[in-house]
Amino acid sequence: MTGFCFPKATRAHAERRRALSPDADAAFQAFSKAVFAEGALDTRTKQLIAVAVAHVTQCPWCIEGHVKAAGRAGANSAQIMEAIWVAAEMRAGAAFAHSVKTLDLLADEERE
């Protein structure tokens, strides 16, 4: 792999984050646990959503963690890749949808 490499998150990072802000860290951990618990959506589906969102937000640590978690929750490689394609379409779709703003600006300029 060439180019910029993101640092590997370590246990020391987690411990330091917790030491600097224990209440917020505990709240975030509880929130995360609640979000990924079985509910109206099963854990596999939630992890596939997280894989897709991680690709849209472009968080390499989230990608790594949620791809692994999706696999542990029973998602296969094809399902993980399909979730990524859904994310790609949504990201591209947002750019396409926002073209309405540009089209309106262009129309305004043409009227001037």
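The values are calculated or read from the model by the stated rules, or taken from the named source; none is laboratory data. Computed from a predicted structure; not experimentally measured. Ideal geometry is used to build each Cβ from the backbone, glycine not excepted, and the neighbour counts take in all protein chains shown.
The test for being polar (S, T, N, Q) and assigned by TED's automatic domain parsing to the domain that holds Ala83 does not hold for Gln29. Only residues that are of a type in the set (Ser, Thr, Tyr) and either closer than 17 Å to Ala69 by Cα or in contact (Cβ under 8 Å) with a residue 40 or more places away in the chain (or both) were counted in the range 6-53, giving 3.
Every condition in (1) closer than 15 Å to Thr45 by Cβ; (2) assigned to a helix (DSSP H, G or I); (3) not hydrophobic (A, V, I, L, M, F, W, C) is met by His98 except one, and the failing one is (1). Scanning the range 12-39 for residues that are of a type in the set (D, E, K, R) and more than 17 Å from the chain's Cα centre (by Cα) yields Glu15, Arg16, Arg17, Arg18, Asp23, Asp25, Glu38. Residue check: is Thr102 surrounded by 12 or more Cβ atoms within 10 Å (Cβ to Cβ), over 30 Å from Ala19 (Cβ atoms) and without any contact (Cβ under 8 Å) to a residue 12 or more places away in the chain? Here the answer is no, as Thr102 does not meet what is asked. Pairs linking a residue in the range 61-83 that is over 14 Å from Thr45 (Cα atoms) to a residue that is of a type outside the set (Asp, Glu) and at pLDDT below 95, with Cβ atoms under 7 Å and 6 or more positions apart or on different chains, are Trp61/Ala9.
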